[in-house]
Every structure is written in C-alpha cells, then in structure tokens.
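So the structure is just underneath, and the comments pick up after that.
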Amino acid sequence: MTEVVFQARASRLILDFERSFQLDTQGRPDEERLQRYIKDILAVLNQDDSSGKPLLALEKFYQSASFIVGLGNVTLSDQTKQAWRLYDRFHYAYVKPRLTVHGNTRLG
C-alpha cells in the first residue's frame, strides 16, 4: 500500500468514525477531548508529508482515542462502535507493523 493510499484509507476510516460519533455526543469533557484528537489527526493526514510524521501521529491518536473509548465517559452507539472497530483493525494491520524503533535503543 502506497503512502498516499495508506493516509487516504486512514483518513476515511477516521472520518467515518467521526461522523458516527458526532451523532452520539452529549457535550461531556471526554467527548470534546476525543473530538479534538480526531480534528488533530485529520489535519496531519491532510498534509502532504512522507516523513513518517503521519504514522507517529496515527499511533498517538490511537493510544489517546482508545483510552477514551475504552475507559472514558463516552457512550457509543452500535454504529460508532463498529466504525471504531474498523479503524482498530486497520491500525493493527497497517500502522503497528510500520512502526519501528529508531536510534540507539536497547530493549530488555
């Protein structure tokens, strides 16, 4: 998958999640925070950048958003849960494998 197709697919899945999520919002602080994370990641994905910044931004988005979706004070409809699961599968299939450790790093 080319970088352009990769970013377009990630953007489409996040937009689908956002559209569905907007129907569920009730003005809670966690919902506003999640909406801000969505807005930020879409801004990064819409930039023309092949430096790896979108990949790191997707990981940061996923970590933050999954915490709110799992433990935050948000109520998701079945449609929104399904949209999140679609992005979740994409993230584990295409984003996680592309993440690499750079520099002089010692694990263990």
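The values are calculated or read from the model by the stated rules, or taken from the named source; none is laboratory data. Note that this is a predicted model, so its numbers are computed, not measured. Heads up, the Cβs are rebuilt from the backbone with ideal geometry, glycines too, and the neighbour counts pull from every protein chain shown. The protein model used for the area step is the full one, side chains on, heavy atoms only, and it has no ligands, DNA or RNA in it. Shrake-Rupley method; radii C 1.70, N 1.55, O 1.52, S 1.80 Å.
Worth a mention:
- In this rough spin-label picture, where each label sits 7 Å from Cα along the Cβ direction, the Arg98-Asn73 distance is 3.6 nm.
- Rough spin-label spacing in nm, given labels placed 7 Å along Cα→Cβ, for Lys81 and Lys39: 2.8 nm
- Amide hydrogen neighbours beyond the local backbone of Thr25, cut-off 5 Å, H modeled: none
- Along region 76-93 the Karplus relation, 6.51 cos²θ - 1.76 cosθ + 1.60 evaluated at θ = phi - 60°, assigns HN-Hα couplings of 10, 6, 4, 5, 5, 4, 5, 5, 5, 4, 5, 5, 4, 4, 4, 4, 6, 7 Hz to successive residues, with x for each Gly and Pro.
- Neighbourhood net charge (14 Å Cβ-Cβ; Lys/Arg +1, Asp/Glu -1) for Gln63: 0
- Cross-link partners for Lys81 among the lysines, with Cα-Cα distance under 22 Å and sequence neighbours closer than 8 places in the same chain left out: Lys39, Lys60, Lys96.
- Summed side-chain charge close to Thr25 - residues other than Thr25 whose Cβ falls under 11 Å, Lys, Arg +1, Asp, Glu -1: -4
- Only Lys, Arg (+1) and Asp, Glu (-1) charged, at Cβ; the chain dipole about Cα centre in debye: 300 debye
- Leading residue at positive end of dipole, the chain (Cβ point charges), from Ser11, Gln82, Leu56: Leu56
- Whole-number percent relative contact order across the chain, with pairs defined as alpha carbons under 8 Å at least 6 apart: 39 percent
- Going by accessible surface with a 1.4 Å probe and the largest first, Leu15, Leu86, Leu42 read Leu86, Leu15, Leu42.
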